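**Q** Here it is, the structure in full.
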Amino acid sequence: MKIEILLQGMMRMGAGWVLWLLVAASVAALAVIIERTLLLVFSRANLESLEKVLEQSRLKGDLETARRRLEESASVEARVAAAALTTDDHEVASARVAREMVVARAELGRRVGYLGTLGSNAPFVGLLGTVIGIVGAFHELGHDAGRVSSGLMAQIGEALMATAMGLLVAIPAVLAFNLLQDAIQRRMDRAGALAGVALSCLKKVV
C-alpha cells in the first residue's frame, strides 16, 4: 500500500478517531491513578510505632520477633526494615536493604511512567488530530468550490477540539505523575530511615 493512499484514508476518517484514542488513553490513566493512589494509601504504616517495635526488641535482645512483626505489615517501610534483620552480618544486611529498596521503588512506581508518557505526548496526538481535520477541511473546501458550508465549519471545530482534548488529557496526567512520584519518594525516604534504625539495632545486638 502506498503511503499516499494510507494518508488519504486517515484524512477521510477525520479527527474523530484521534479524539476516541485520547479518551481511551485518559480512561487508562485514570485507572492507573486510582490504583496507585489506593496502593499508597492502604500500604501506609505508623513509622513511630514500627520504631518502637524495633527499640523494644533491641532492649530484649530479640530482633527475630521484631523481624516477624515487620514482615506482618503490608507497608513498604516495614518490608525494607525487615530485610535488615534477616542476618547478623551488618554488611550483608545493608546490601539486602539496598536491594529491597530498589524492589520496593519499582513496585510502587509500576505503571506510573505511563502517566508521564501520556502527559508528554497527548498534546502532540491532539495536534495530529487537528492537522488531519484541517487538511480534510481544505479538501472539502476545494470540493465545494470554495463555498463555506456548515459541514466545513463542523469539521474545523472537530479539528480544533482535538488539540483541546490533547491538553485536557495531558495536564492531569502530568500533575498526577508528579504527585505520585513525590509520594513514592517520600515513602522511600521513610523506608530508608526505618531501615537505618533497624541496622543500628543490629549493630548494638551483635
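The values are calculated or read from the model by the stated rules, or taken from the named source; none is laboratory data. Note that this is a predicted model, so its numbers are computed, not measured. Positions of Cβ are backbone-derived with ideal geometry, glycine not excepted, and every protein chain shown enters the neighbour counts.
**Q** Name the residues in the range 44-73 that are under 25 Å from Gln185 (Cα atoms), in contact (Cβ under 8 Å) with a residue 24 or more places away in the chain and of a type in the set (Lys, Arg), would you?
**A** Hit for the range 44-73 is Arg44, nothing else.
**Q** Take the residues in the range 138-159 that are of a type in the set (Asp, Glu) and either within 15 Å of Val23 (Cα to Cα) or exposed (fewer than 13 other Cβ atoms within 10 Å of the Cβ) (or both), then tell me which one is modelled with the lowest pLDDT.
**A** The qualifying residue modelled with the lowest pLDDT is Asp144.
**Q** Quick one: in the range 74-127, which of the residues that are basic (Lys, Arg), in contact (Cβ under 8 Å) with a residue 24 or more places away in the chain and part of a helix (DSSP H, G or I) is surrounded by the fewest Cβ atoms within 10 Å (Cβ to Cβ)?
**A** Residue satisfying both the conditions and the ranking: Arg105.
Per-residue answers, yes or no, for (1) surrounded by fewer than 21 Cβ atoms within 10 Å (Cβ to Cβ); (2) closer than 24 Å to Arg36 by Cβ; (3) touching a strand residue (DSSP E or B) at 6+ places or on another chain (Cβ under 7 Å):
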site: Met161; (1), (2), (3): yes, no, no
site: Leu167; (1), (2), (3): yes, yes, no
site: Ala170; (1), (2), (3): no, yes, no
site: Leu179; (1), (2), (3): yes, yes, no
site: Arg190; (1), (2), (3): yes, yes, no
site: Ala198; (1), (2), (3): no, no, no
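**Q** Spot the failing condition for Arg68; the list is (1) at pLDDT below 90; (2) not in a helix (DSSP H, G or I), and only one is missed.
**A** Here Arg68 meets the rest and fails (2).
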